[in-house]
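*Asks:* I have a structure I would like to understand better, so I am pasting it below and will then ask my questions one at a time.
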Amino acid sequence: MAQARPSMQELIRQRTRAGFIGRSAERAMFRANFDTAPHDERHRFRFHVQGNAGVGKTFLLREFEQIVREQGALTAYVDDSAGSVPEMMAEISRQFAAQGRRLKDLDRLLAAHRERRHEAELAALAVLDTQPEEAGPSAGPCCTRARGAGRRPGRMWNAYGH
């Protein structure tokens, strides 16, 4: 039976991975870790990747991700663009769901967290509405509640209206 020819994307991906220069020891150690039982003291639960800018850390992490997926495990990649821990957890949940594993309990907890945070922000704004505005010069830039047409209630703005 004839084998289906790989797509151009697949050929490029295979050649890119095959052409990965260096870090072969790290990749071999990472692969071998799957053959080491978790109770064996040689088994590693974390791998720390560090180095100067441009040395291929992200590429190596993507290589590790591919190795993990070949083992049938779930993966998630989150960097410092996540603005908070709940945002990071939501991104992990989204990536797991894309791999067929929904984290329903986590999603419910995150939705409850967002709702409570929204309620707390509204309560803080209500308190500000009951406070008389102080006269006199400001001690410096600060956050004030939004006033005026076109601004959404509950949104915070700085003293300059930005």
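The values are calculated or read from the model by the stated rules, or taken from the named source; none is laboratory data. Treat the numbers as computed from the prediction; the structure is a model and nothing was measured. When we count neighbours, we look across all protein chains shown, and the Cβ atoms used for this are built from the backbone with ideal geometry, even at glycine. Ligands, DNA and RNA are excluded from the accessible area calculation, which covers all protein heavy atoms including side chains. Shrake-Rupley method; radii C 1.70, N 1.55, O 1.52, S 1.80 Å.
*Asks:* Give the stretch 1-33 a look and list any residue that's among the hydrophobic types (A, V, I, L, M, F, W, C), closer than 22 Å to Ala73 by Cβ and at pLDDT below 85, or say none.
*Replies:* First pass over the stretch 1-33, keeping only residues among the hydrophobic types (A, V, I, L, M, F, W, C): 1-2, 4, 8, 11-12, 18, 20-21, 25, 28-30, 32.
If we keep only those that are closer than 22 Å to Ala73 by Cβ too, we end up with 20, 25, 28-30, 32.
Selection gives Phe20, Ala25.
*Asks:* Same structure, new question: Please work out which residue is least open to solvent (accessible area, probe 1.4 Å), limiting yourself to the stretch 42-89 and to residues that are β-branched (Val, Ile, Thr) and at pLDDT below 85.
*Replies:* The residue in question is Val49.
*Asks:* Only one of Gln99, Gln66, Gln131 is free of Cβ contacts under 8 Å to residues at least 40 places away in the same chain and in contact with a helix residue (DSSP H, G or I) (Cβ under 9 Å, 6 or more places away or on another chain). Can you tell me which?
*Replies:* Gln99
*Asks:* Answer yes if at least one residue in the stretch 49-70 is of a type in the set (Ser, Thr, Tyr) and in a loop (DSSP other than H, G, I, E, B), and no otherwise.
*Replies:* No: the stretch 49-70 contains no residue that is of a type in the set (Ser, Thr, Tyr) and in a loop (DSSP other than H, G, I, E, B).
*Asks:* Could I ask something else about it? Does the stretch 90-98 include one or more residues that are at pLDDT below 90 and under 21 Å from Glu65 (Cα atoms)? Steps first, please.
*Replies:* Restricting attention to the stretch 90-98, the residues satisfying the condition of being at pLDDT below 90 are none.
For the stretch 90-98, residues at pLDDT below 90 and under 21 Å from Glu65 (Cα atoms): absent.
*Asks:* Still on this structure: Since Arg94 meets every condition but one in (1) touching a helix residue (DSSP H, G or I) at 6+ places or on another chain (Cβ under 6 Å); (2) more than 22 Å from Arg27 (Cβ to Cβ), which condition does it not meet?
*Replies:* Among (1) touching a helix residue (DSSP H, G or I) at 6+ places or on another chain (Cβ under 6 Å); (2) more than 22 Å from Arg27 (Cβ to Cβ), Arg94 violates only (1).
*Asks:* Then there's this: Taking the criterion of being assigned to a helix (DSSP H, G or I), under 30 Å from Ser24 (Cβ atoms) and either touching a residue at least 40 places away in the same chain (Cβ under 8 Å) or in contact with a Lys or Arg (Cβ under 7 Å, 6 or more places away or on another chain) (or both), would at least one residue in the stretch 112-128 satisfy it?
*Replies:* no
*Asks:* Could you check the stretch 103-115 and list, in sequence order, the residues that are more than 27 Å from Glu70 (Cα to Cα) and open to solvent by less than 70 Å² (accessible area, probe 1.4 Å)?
*Replies:* Leu110, Ala111, Ala112
*Asks:* Output the residues belonging to the stretch 90-102 that are open to solvent by less than 40 Å² (accessible area, probe 1.4 Å) and in a loop (DSSP other than H, G, I, E, B).
*Replies:* none
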